[in-house]
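Every number here is computed from the coordinates shown, using simple stated rules; none is lab data. As the structure is a prediction and not an experimental result, all values here were calculated from the model. With ideal geometry, Cβ positions are generated from the backbone for all residues, glycine too; neighbour counts draw on all protein chains shown.
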Amino acid sequence: MDFTFSKEHQLLRRMVREFAEQEVAPIAEEIDREERVPFEVLEKAGKLGLMGMPFPQKYGGAGAGEIGYCILMEEMNKVCGSTATIIGAHTGIGAMAIYLDGTEEQKQKYLVPLARGEKIAAFALTEPNAGSDAAAIQTRAVRDGDYFLLNGSKTWITNGDIADVISVLAVTDPALGARGGVTAFIVEKEFPGFKVGHKEEKLGIRGSSTAELFFEDCRVPAENALGMFGAGFLTFMKTLDVGRISLGAGCLGAAQKALEMSMDFAKSRYQFGAPIAAKQAIQWMIADMAIEIEALRSMIYRTAWMMDSGQTGREFSTMAAMCKVYGSEVLCRAADVALQIHGGMGYMKKYPVERMYRDARITRIFEGTNEVQREIIARNLFRKIGLRLR
Amino acid sequence: MKIVVMIKQVPDTTEVKLDQRTGTLIREGVPSIINPEDKNALEEALTLKESTGAEVIVISMGPPQAEDALREALAMGADKAILLTDRAFAGADTWATATTVGIALKTIGDFDLVLAGRQAIDGDTAQVGPQVAEYLQIPQITYVREFVLDDGKVRARRAVEDGFEEIEAELPALLTIIKEANTPRFPHAAAIMTAYREQEVTFWGAEDIGADPETVGLKGSPTQVKRSFSPPPKEPGQIIQSAPGEAAKDLVGILRNKNII
């Protein structure tokens, strides 16, 4: 057993950290306040290979694997939840679906420019009546010669209004439902009948955009069907499995940052003639945060290692769900405790704890609520002892 | 065109701590980096590579782990990397270091330009660059902020205390670069992977460059460190808190007592 990061991953972490601190940290407060997507950062990130971290170099990626991608998400989320979310939706799920199930032609045409950061991706699953119950989607795709006509709408799509390429899930055979009746498609924003609707105002991750998408007889070439026809549900679930690890990695980074900020504050804040770090109440908060963060770190990188070494069965899927649940909950606790330690200062917009607290909350909801993740975990566990739950 | 960049691996801190007992640097737990101004030198070389197609070779002397500094240089865009590492090189002062690097540069041969950082953040001597130039008997321009190559010559603007000097020299020449010259690039993520997984670092020992063991390492060093120590901390100052008129009198009194005035 060897828990050390490879030399290349160590250098990668240093590079990503310097990039995040020099290029992203200075704009984090402003993009949150102005609800502005930091295109200038995304462009620079793309030129350094940060928009295609896990993908092989032959597809324009960095070839750094899931471990390298988790390092990126960890370091990025330390300084800016919004930027990390944009990269996560682009790389971790939008482009990931094409990488996992795309044909060689689709990868050359779509994945290469996405991995290089020349184009932005989004992942469109959620609908007004289908979020956690993903099988209940209503967006329809009907064959029309060499095309499919898509009709329906998607909601709360991260990067929805800035994406050039969108992985979209649609029903191709309502009779078959999720098992055989749902297909994934690659949609370009220029396709006729594709429209971007309302852009949401949010509690946190406000520098990332979240939008509604409409498909009105949207003409998608038949060759843009992604993965096996009718097996789109599997493509999307498989993609989300992978996305959940890096989401957890982002949570790890932000939680680590919350701990560091809390320690710095507890060291320099004097009350009753001593730093508040001398109080047992503060020490226990710090210790509990640190314990959870270390446990999370082990979980994240073990699961990323499983992915990189090709161990992507049911066990992996269970671990990925755990990364998402535990990561988001460790982060939300850490952000809450960090705010408490900072006291009044933590509540003020002037200091980054307030933003971190708001940014943290979504992680327990998006990419599959924690409640649904717990169901997945329990179902997989019971299945091992012969009980199949639905 | 062939450009050689001399780089040094240093601890990533400007506050190097000393072991009070042994007087040596405490390196444990301190990550190692490419000396910052050596990175500026490398950036100059890589910019020239982009405009002229020059070949960029990075060279370093140090323990085997200095390989990481060279891998980072490869990730930034250097074409070849050479590490001078041998027990015989250990304990070298700046003279013996310059001798070793000088011999290695002759082994590389037909270079047009040698670049180095102004000085390293650990030793702060700024000696090795100029000494290598002396060893090779080539022109040297130190503290370079910017330079151009033109028809077998280099024209450089060097920073001096109250302005700049413009100096022209025949190639091959050695230049030491200051941090104001540029902002070193980030390596591309893919290049980091390739630097470790596919590219090679050449290791040269004393025999590979035909160095006489008497002229390198501790044996070839005319200077030796007798003792390293941190200067004793400054004693806290005295604040005179009386009213301005009184304070002036008090101050004069104190200075008189100390025989300063």
Worksheet item: Given B:Ala169, B:Ala133, which one is over 13 Å from B:Ala41 (Cβ atoms) and part of a helix (DSSP H, G or I)?
Response: B:Ala133
Discussion item. Which count do you get for residues in segment A:1-31 that are farther than 25 Å from B:Pro64 by Cα and among the polar types (S, T, N, Q)?
Written reply: 1
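Scanning segment B:184-211 for residues that are more than 14 Å from chain A (Cβ to nearest Cβ) and assigned to a loop (DSSP other than H, G, I, E, B), which turns out nearest to B:Leu46 (Cα to Cα)?
Our first condition is that a residue be more than 14 Å from chain A (Cβ to nearest Cβ); within segment B:184-211, this holds for B:200, B:202-211.
Remaining after also requiring assigned to a loop (DSSP other than H, G, I, E, B): B:200, B:205-211.
Details: B:Glu200: 18, B:Gly205: 27, B:Ala206: 29, B:Glu207: 30, B:Asp208: 27, B:Ile209: 26, B:Gly210: 30, B:Ala211: 30 Å.
The qualifying residue nearest to B:Leu46 (Cα to Cα) is B:Glu200.
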Worksheet item: Only one of B:Ala120, B:Ala156 is free of Cβ contacts under 8 Å to residues at least 40 places away in the same chain, more than 14 Å from chain A (Cβ to nearest Cβ) and either buried (at least 20 other Cβ atoms within 10 Å of the Cβ) or not in a strand (DSSP E or B) (or both); which?
Response: B:Ala156
Fill in: Residue list for segment A:302-342, restricted to those being in contact (Cβ under 8 Å) with a residue 40 or more places away in the chain and of a type in the set (Ser, Thr, Tyr)
A:Thr303, A:Thr312, A:Ser317, A:Thr318, A:Tyr326, A:Ser328
Practice prompt. Determine if segment A:54-64 includes at least one residue that is buried (at least 23 other Cβ atoms within 10 Å of the Cβ), in contact (Cβ under 8 Å) with a residue 24 or more places away in the chain, facing chain B (nearest Cβ under 10 Å) and in contact with a Lys or Arg (Cβ under 6 Å, 6 or more places away or on another chain).
Written response: yes
Worksheet entry | Subset of segment B:77-88 that is over 15 Å from B:Glu200 (Cβ atoms) and surrounded by fewer than 24 Cβ atoms within 10 Å (Cβ to Cβ) - its residue that is farthest from the other protein chains (Cβ to nearest Cβ) | B:Ala88
Worksheet item: Only one of B:Gly152, B:Gly117, B:Gly129 is of a type outside the set (A, V, I, L, M, F, W, C), in contact with an Asp or Glu (Cβ under 8 Å, 6 or more places away or on another chain) and under 17 Å from B:Gln9 (Cβ atoms); which?
Response: B:Gly117
Discussion item. Being touching a His at 6+ places or on another chain (Cβ under 8 Å) and either surrounded by fewer than 17 Cβ atoms within 10 Å (Cβ to Cβ) or touching a residue at least 40 places away in the same chain (Cβ under 8 Å) (or both) is true for just one of A:Ala141, A:Ala225, A:Ala211, A:Ala170. Which residue is that?
Written reply: A:Ala211
Discussion item. Quick check on this structure: which one of A:Ile341, A:Ile385 is over 30 Å from A:Glu127 (Cβ atoms) and surrounded by fewer than 18 Cβ atoms within 10 Å (Cβ to Cβ)?
Written reply: A:Ile385
Fill in: Qualifying position, being within 19 Å of the chain's Cα centre (by Cα) and within 14 Å of chain A (Cβ to nearest Cβ), among B:Val101, B:Val58, B:Val30
B:Val30
Item to complete: For segment A:97-120, state whether one or more residues are without any contact (Cβ under 8 Å) to a residue 24 or more places away in the chain, among the charged types (D, E, K, R) and under 26 Å from A:Leu169 (Cβ atoms).
Response: yes
Response to the item:
Out of (1) within 14 Å of another protein chain (Cβ to nearest Cβ); (2) part of a helix (DSSP H, G or I); (3) over 23 Å from A:Arg358 (Cα atoms), the one A:Gln108 does not meet is (1)
Fill in: Contacts under 8 angstrom Cβ, first residue in segment A:257-280 being more than 16 Å from A:Arg333 (Cβ to Cβ), partner surrounded by 15 or more Cβ atoms within 10 Å (Cβ to Cβ) and among the charged types (D, E, K, R), 6 or more apart
A:Pro275/A:Arg269; A:Ile276/A:Arg269
Item to complete: Kindly indicate the residue of segment A:344-382 that is in a helix (DSSP H, G or I) and among the acidic types (Asp, Glu) and also farthest from A:Ala334 (Cα to Cα) among those meeting that condition.
Response: A:Glu375
Worksheet item: Is there any pair linking a residue in segment A:1-29 that is more than 14 Å from chain B (Cβ to nearest Cβ) to one that is among the aliphatic types (A, V, I, L, M) and surrounded by 20 or more Cβ atoms within 10 Å (Cβ to Cβ), with Cβ under 7 Å and at least six apart or on different chains, and which?
Response: A:Ala25/A:Val79; A:Ile27/A:Val41; A:Ala28/A:Val79
